């Protein structure tokens, strides 16, 4: 269930669903997607025992986090356990975050109710890990990638989204 | 005269000077910077016998060329010979372009009038090769880098510039 | 406790101690070091939550396994858990071996009796992970490295050991 | 005429032919292959305008030169110009050696008498660049590779050859 090479998935723009999180690391409070309205959100899904996530996905999320201003771009890691459930305990994820020195908030996806796929992963219809979802300042999904994507291309997409002003209408509604 | 690691150079924005070109490759006609008004321009300077240019600069220019839409971003290579003048004949540059399969236009910078630094390199005050200059849709220099810069950062900068509309005033003056 | 860059550690040659193994993967029977006499042994120690092991150590062990003839060189992985004991369950190691498609035998080091360092790691005085121990056909330690070492250098060392005939005297004594 | 990926070429062992050299760099005197008898010789052929040579071949020759003891292994670069003859002047090769900081002796192959292939390249039946020829202490060709080969494999081969003693008979005949 992992991509050999990254692909952008064609998607009609749609409002990003709220995530469902069991536990947060690197944040002393729960973070709601709705609370990030006005900023671009980069949601990077990974698994600690997925070679592509470890070799490409996680380092890329870290680079995105280091490259953009937090006021413009919020980077959120999502640990979406859909395999090896018995192995991936909370202690494993904690050790991973410590050893790989992740500084961005990492959400542990809530377990699925009727199968191995966790809730947020299902809501976003992710096809595996690593996955990357780009959400604009108005909370709309603009890109969705599965597998490693070139840095240049990711940079271009996030840079373009960060250059967009939030739409007046949506900004208003998000305030109300 | 080459950077060990890439740096963005702080610069006040200013109008990009016209380049001075001795010969063009991959273009059947001379390209004027003024003729690219309305598009973002990525000007990538390199030298065929500069290890950093060959290993990082040229492949990055090629990736930029492959990533952005030509209608938004014009990628121009500039061979700025400031060393090894006797060695770098036109035949060397031609063989290099062929062997490295460069598809973007490559300008051969005009020789300097009173020293080893060629004219365009001097006008842009480049510090060596590889150098990268980002020019916005209005013809204003927005970034200037010396040495290899992360793809993610370049992507972000070019993506942001491509997302900007040309300013009305400058667009008008460029038409006039 | 991990090396930023690999180093060969100076060591007087000495007879390699027998390892102490809790469990074997990729082998349907326990493997004794003494049973490998006559072949060069490459013992590669790693941990699943050690970034250097995952990025460099394990792929290098795999390449060594693919490069040399089994009749000449026996490649043995050693999972030496000296950190994150609670996290690194057998299920984690199993999932890792499966996901990273390791084909060489992997030994789980026996837990230490009075501290976090496991038994084989202690006997070999390894300084951390990844570590690499080269044992000649006579069972003598010839090299001991901590941290990633260049492939060329490892290849040269193993190639030279594989080219040595086993010494008559030691061969005899190992039979006796 | 270049390999996409490296291959060892099957060859019956045979005595390495003497090379024919137009000019030497990094040596103040001509070096005869016969004068290297007793040492392993690594002959690395490259071209300055060949992307595979520049990216893989030349850096690998340099690493081999840095890894082995000169008393055991002699590393010789061979610039085998078989393309772009007009472009590759001596000034180009000199600038390349300086810019890439090559420290090992580099021989410029003698031009072919009736075609584009230079003499040494023809005598060794090299198929292109980069090529690597491993010659044992007795002057016998033991391996011949075209295209980039893994460092581990090269290290193993050279390490094994360096571990072999020169044969008595051949040593004698080389003295006579």
*Please average, across the residues of B:155-167, the number of beta carbons from any other chain that are within 10 Å of each residue's own beta carbon, and give a whole number.*
6
*In peptide A:112-120, how many Cβ atoms from other protein chains are near each Cβ within 10 Å, on average?*
0
*Taking neighbour Cβ counts within 10 Å as the exposure measure, how do B:29, C:65 sort from fewest upward?*
B:29, C:65
*Looking only at A:111, A:130, A:51, which one moves most when chain A is put into a Gaussian network model with springs between Cα atoms under 10 Å?*
A:51
*Please average, across the residues of A:145-152, the number of beta carbons from any other chain that are within 10 Å of each residue's own beta carbon, and give a whole number.*
4
_Debye-sum result for region D:37-79 in log10 I(q)/I(0), which assumes one identical scatterer on each alpha carbon, at q = 0.14, 0.23, 0.28 Å⁻¹_ = -0.32, -0.72, -0.93
*Rank these for me by crowding, C:136, A:28, going from fewest to most other beta carbons within 10 Å.*
A:28, C:136
_Nm distances between copies for residue B:125, ranked from closest, using label points 7 Å along Cα→Cβ_ = 5.2, 5.9, 6.1
*Measuring from a point 7 Å out along Cα→Cβ, what nm distances, shortest first, does residue A:8 have to its partners in the other copies?*
2.3, 4.5, 5.0
*Taking every DSSP beta bridge that has both residues in the protein assembly as shown, what percent is antiparallel when rounded to the nearest 5?*
65 percent
*If the convex hull of the alpha-carbon atoms of chain C is projected onto planes in all directions, what is the mean projected area in square nanometres?*
10.0 nm²
*Kindly provide the helix-only [θ] at 222 nm of the protein assembly as shown, computed as the sum of -39,500 (n - 2.57) over DSSP H runs of four or more divided by all residues, to the nearest 500 deg cm²/dmol?*
-7500 deg cm²/dmol
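What is chain C's relative contact order, in percent, from Cα pairs under 8 angstrom and six or more apart in sequence?
The value is 37 percent.
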*Inter-probe distance in nm under a simple model that places probes 7 Å from Cα toward Cβ, at residue B:98 and residue D:140*: 4.2 nm
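For region C:4-64, what class follows from the C-alpha gyration tensor (a ≥ b ≥ c being the square roots of its eigenvalues): rounded when a/c is under 1.5, otherwise prolate if a/b is larger than b/c, else oblate?
Working: a/c = 1.98, a/b = 1.20, b/c = 1.65.
Cα axes put region C:4-64 in the oblate bin.
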*Using a label position 7 Å from Cα in the Cα→Cβ direction, what is the ascending list of nm distances from residue A:103 to the same site in the other copies?*
3.7, 3.8, 4.1
_Among DSSP bridges having both ends in chain C, what percentage is antiparallel? Round to the nearest 5._
65 percent
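From the Cα gyration tensor of the protein assembly as shown, with a ≥ b ≥ c the square roots of its eigenvalues, which class applies: rounded if a/c is under 1.5, or else prolate if a/b is larger than b/c, or else oblate?
Oblate.
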_Computed E for residue A:34/residue B:8 - FRET, C-beta separation, R0 41 angstrom, nearest 0.05_ = 0.75
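Every read-out reported here was derived from the displayed coordinates using simple, explicitly stated rules and does not represent laboratory data. Just so it is clear, the structure is predicted and the values come from calculations on it, not from any experiment. Cβ sites come from the backbone with ideal geometry, for glycine too, and all protein chains shown count toward neighbours.
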